[in-house]
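Student: One structure follows; several queries about it will come next.
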Amino acid sequence: MTRNIRTIGSLALVLALGAASACGGGSGGGGGGPPTGTQTGTVAGRVSNGAAGVAGVSVSIAGGGSATTDAGGNFSIGNVTTGARTVAITMPAGFITANPADGTSKEVTVSAGQSATANFGLKRGVVVTASGTSFSPKSVSVPTGATVRWVNAGGGAHTVTPATAGQAGGWASANLPEGALFEHTFGTAGNFNYRCLPHEAMGMTGSVGVGGSTTTPPEPDVPSYDR
């Protein structure tokens, strides 16, 4: 009789431990997504360059979920927990944001069973930083029709001034205070040298090669600049 009581007690203990283990194992949703019972939705959108989609762009959501754009620039990420979410892209080489005010991330609100939209507009181009007494990169190469965007990252006011009046073509900037930007789309192939007027004497010059040229343009001859 004593042995039977002990056996029954041991069996009850095993069953109790098994039940507790089963309850604890489901709280994380198996580690593959939101916990069971969590409301979710979808985030979808498109990464485009004008009317064309940009393929192969990595898209991620803070807190989990990622995708890569297809041939049409489209993406869709499911099983996203509801609420405010940040959607970000990894900027592909050779592109910049179509609108200078746009960043590489957007805030969306995900509702249960619904699809939130996050679209990103890009264009061919490159960013050049003006800081201190130098442009970085000092020399860039872009295809015809691409945009160069200069951003003043510090060191006082800067300008982007073509090396010669003949190169101007309407793309000389005014004085750019810190934090300001200036951009120009180059529609003609060639090499375009430029300078920063306030820091020209300290060697603050740069160059843009347009049309697929991989040769770094020669440094402009400072004394020959048209003033």
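The values are calculated or read from the model by the stated rules, or taken from the named source; none is laboratory data. Keep in mind it's a predicted model, so treat the numbers as computed, not measured. Positions of Cβ are generated from backbone atoms using ideal geometry, with glycine treated the same way; all protein chains shown enter the neighbour counts.
Student: With the condition kept exactly as written, say whether any residue in the stretch 152-161 is within 17 Å of the chain's Cα centre (by Cα), surrounded by 20 or more Cβ atoms within 10 Å (Cβ to Cβ) and either assigned to a loop (DSSP other than H, G, I, E, B) or of a type outside the set (F, W, Y) (or both).
Tutor: Of the stretch 152-161, the ones within 17 Å of the chain's Cα centre (by Cα) are none.
No, because not a single residue in the stretch 152-161 is within 17 Å of the chain's Cα centre (by Cα), surrounded by 20 or more Cβ atoms within 10 Å (Cβ to Cβ) and either assigned to a loop (DSSP other than H, G, I, E, B) or of a type outside the set (F, W, Y) (or both).
Student: So which strands (runs of 3 or more DSSP E) stay within the stretch 50-141 end to end and still have 1 or more residues that are surrounded by fewer than 16 Cβ atoms within 10 Å (Cβ to Cβ)? Before you say what the answer is, go through the steps one by one.
Tutor: Details: elements: 58-61, 66-68, 74-81, 83-89, 95-97, 105-110, 115-117, 120-131, 134-136.
In the stretch 50-141, 58-61, 66-68, 74-81, 83-89, 105-110, 115-117, 120-131, 134-136 are the strands (runs of 3 or more DSSP E) which contain 1 or more residues that are surrounded by fewer than 16 Cβ atoms within 10 Å (Cβ to Cβ).
Student: Related question: Keeping to the stretch 142-151, report how many residues are surrounded by fewer than 20 Cβ atoms within 10 Å (Cβ to Cβ) and in contact (Cβ under 8 Å) with a residue 60 or more places away in the chain. Before the answer, list the steps.
Tutor: From the stretch 142-151, those surrounded by fewer than 20 Cβ atoms within 10 Å (Cβ to Cβ) are 143-145, 147, 149, 151; that's our starting set.
In the following step, the residues that additionally are in contact (Cβ under 8 Å) with a residue 60 or more places away in the chain were identified as 143-144.
Residues meeting the conditions: 2.
Student: Let me ask something else about it. Quick one: in the stretch 201-227, which of the residues that are of a type outside the set (A, V, I, L, M), surrounded by fewer than 17 Cβ atoms within 10 Å (Cβ to Cβ) and at pLDDT 90 or above is nearest to T164 (Cα to Cα)? Full working, then the answer.
Tutor: If we filter the stretch 201-227 for residues that are of a type outside the set (A, V, I, L, M), which is where we start, we get 203, 205-207, 209, 211-221, 223-227.
Of the ones still in play, those that are also surrounded by fewer than 17 Cβ atoms within 10 Å (Cβ to Cβ) are 203, 211-216, 218-219, 221, 223-224, 226-227.
After this cut, where a residue has to be at pLDDT 90 or above as well, the list is 203, 211.
On the way: G203: 16, G211: 20 Å.
Across the stretch 201-227, the extreme among qualifying residues is G203.
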